[in-house]
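Everything below concerns the one structure shown next.
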Amino acid sequence: MGMKKVVVGLSGGVDSSVAALLLLEQGYEVIGLFMKNWHDDSVVISRECPWLEDSNDALIVAEKLGIPFQVVDLSVEYKERIVDYMFREYKMGRTPNPDVLCNREIKFDLFLKMALELGADYVATGHYCRKGITTSVSGSAVYQLLAGKDPNKDQSYFLCQLNQEQLSRALFPIGDLQKSEVRELARAHGLITAEKRDSQGLCFIGKVRLPEFLQQQLSPKEGDIITIPANAEKLQPVGAEFSSREAELTALSKSVQLEPADGTVVGRHQGAHYFTVGQRKGLDVGGTPEPLFVIQTDVKENIIYTGEGKAHPGLYRKALYVMEEEVHWVRPDLALETGQELKVMARIRYRQELQSAVLVKAGKGLYVEFSEPQSAITPGQFVAWYEGEELLGSGVIA
């Protein structure tokens, strides 16, 4: 047996730099690759070019560690798989999550294939999560996707679409560390990225702000902003008798269809497809005691419905639905059969605290029913469910 070879995605940040360092210390043969995913000069807002700066930092780290380094240009595939998908979703009035997609389609698909072609055994990233291994009911080995040890940095959510094959080839060297320890290691080894700020924002647009990016691609279209009173008839809970558990879940997971007659026009917007449920900024409607939040968007009629204050009942729902083809089990051995239920902890966005919920597998898909109503359940985003530290599966919110 020779040394195991691992390709690490060096992003020019501190996390992936330390991932490479730890792999070397563990005796792997390490190759550094920088993925150039996006360069459209028309949308880089600042003068600086973020990917050049980042790839340069990645190169300096690779030289310091004495590992081979290469820049790979995946921007064509990136545009097809991520950017085009985002526009399709926004046009339909949904809110996509490019980071989750980027991991599924780019880092653990294209990039992984490239690494395997280079003769690598594994790919590694600087994600704060861990990989476990356990035995399924049928006695075979299965991989687990576990939360990172640093509770403030756990990034398992972003990897919620990975499958067993991808996990079998993945290494997450910093998953057991706190962020502070990662920076400390980078300092101790004189890595240039030690003090570098964490990059906020999407894994591809770099320093580009999303609204401007969308505005260049989706043409503006003026429409009404309508405010719905908190005590609106339609928003009042109905104590209806449901014919079945599924009928009840269907009712709980659907948002009430609002109509212009349900509220008052308070302003104009530049296009419903620029807005997302729960959004507060960018409405530019003044004069309300509490800020307005988007509670629904209608891209067909080009109307935005808003409610005053973050306790507005129009923001809350107790359940959500995932269509059959959008249900993904990281642990296929634990997938539910129709009629089965499972108690889990779930989250509907990256930074959200885990919420207690029940998964209910119905004929045509999966319901997630929460113990407490959830604010801003957003179509197009991912719901991920956990048992303890383990992420079992995920799906796109319908």
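The values are calculated or read from the model by the stated rules, or taken from the named source; none is laboratory data. Keep in mind it's a predicted model, so treat the numbers as computed, not measured. When we count neighbours, we look across all protein chains shown, and the Cβ atoms used for this are built from the backbone with ideal geometry, even at glycine. Accessible surface areas use protein heavy atoms only, side chains included; no ligands, DNA or RNA. Shrake-Rupley method; radii C 1.70, N 1.55, O 1.52, S 1.80 Å.
Above 39 angstrom, tally the Cα pairs of the chain and express them as a % of all pairs, no decimals.
24 percent
At what distance in nm do the modelled label points of S168 and L334 sit from each other, each positioned 7 Å from its Cα along Cα→Cβ?
Roughly 2.0 nm, to one decimal.
Which percent of the accessible heavy-atom area of the chain goes to carbon and sulfur, probe 1.4 angstrom? Can you show the working numbers first?
On the way: 9550 of 18840 Å².
Of all accessible area on the chain, carbon and sulfur atoms account for 51 percent.
Assuming a ≥ b ≥ c are the square roots of the Cα gyration tensor eigenvalues, decide whether region 23-156 counts as rounded (a/c under 1.5), prolate (otherwise, with a/b larger than b/c) or oblate. Mind dumping the intermediate values first?
On the way: a/c = 1.84, a/b = 1.17, b/c = 1.57.
Oblate is the answer for region 23-156, as a/c is 1.5 or above yet b/c matches or exceeds a/b.
Among the lysines, which fall within straight-line cross-link reach of K361, defined as a Cα-Cα distance under 19 Å, with same-chain neighbours fewer than 8 residues apart omitted?
In chain and number order, the partners are K254, K318, K343.
Report the calculated FRET efficiency for A398 and M3 (r = Cβ-Cβ distance, R0 = 41 Å), to the nearest 0.05.
0.30
Within the set K4/K131; K64/K149; K36/K79; K5/K131; K79/K113; K234/K300, which residue pairs have Cα atoms separated by over 23 Å? Numbers along the way, then the final one.
On the way: K4/K131 17 Å; K64/K149 27 Å; K36/K79 12 Å; K5/K131 18 Å; K79/K113 18 Å; K234/K300 21 Å.
Where the Cα-Cα span goes over 23 Å, the pairs concerned are K64/K149.
Under 4 °C and 1.567 mPa s, how fast does region 97-247 diffuse according to Stokes-Einstein, given a Kirkwood radius computed over C-alpha pairs? Answer in µm²/s, whole number. Walk me through the numbers before you get to the answer.
Details: Rh = 19.9 Å.
The calculation lands on 65 µm²/s.
Output ³J(HN,Hα) for region 71-88: one whole-Hz value per residue in order, computed from phi by the Karplus curve 6.51 cos²θ - 1.76 cosθ + 1.60 with θ = phi - 60°, and x for Gly and Pro.
For region 71-88, the Karplus-derived couplings read 9, 10, 9, 10, 5, 5, 4, 4, 4, 5, 8, 10, 5, 4, 4, 4, 5, 4 Hz, x marking Gly and Pro.
Using 1/(1 + (r/R0)^6) with R0 = 51 angstrom and r between the beta carbons of E80 and A261, what's the FRET efficiency to the nearest 0.05?
In this case the efficiency is close to 0.75.
Skipping prolines and chain starts, which residues have an amide H placed within reach, meaning under 5 Å, of the one on L171, given they are 5 or more residues away or on another chain?
Correct list: V123, A124, T125.
Each label point is 7 Å from the Cα along the Cα-to-Cβ direction; what then is the distance between the points at E53 and E290, in nm?
3.9 nm
Probe of 1.4 angstrom, ligands and nucleic acids ignored: what's the accessible area per residue over the chain, in square angstrom? Walk me through the numbers before you get to the answer.
On the way: 18840 Å² over 398 residues.
Here the per-residue accessible area is 47 Å².
Quick check on packing: order 223-230, 326-333 by the mean number of other C-beta atoms within 10 Å, highest mean leading.
On the way: 223-230: 19.6, 326-333: 17.5.
So the peptides 223-230, 326-333, ranked by packing, come out 223-230, 326-333.
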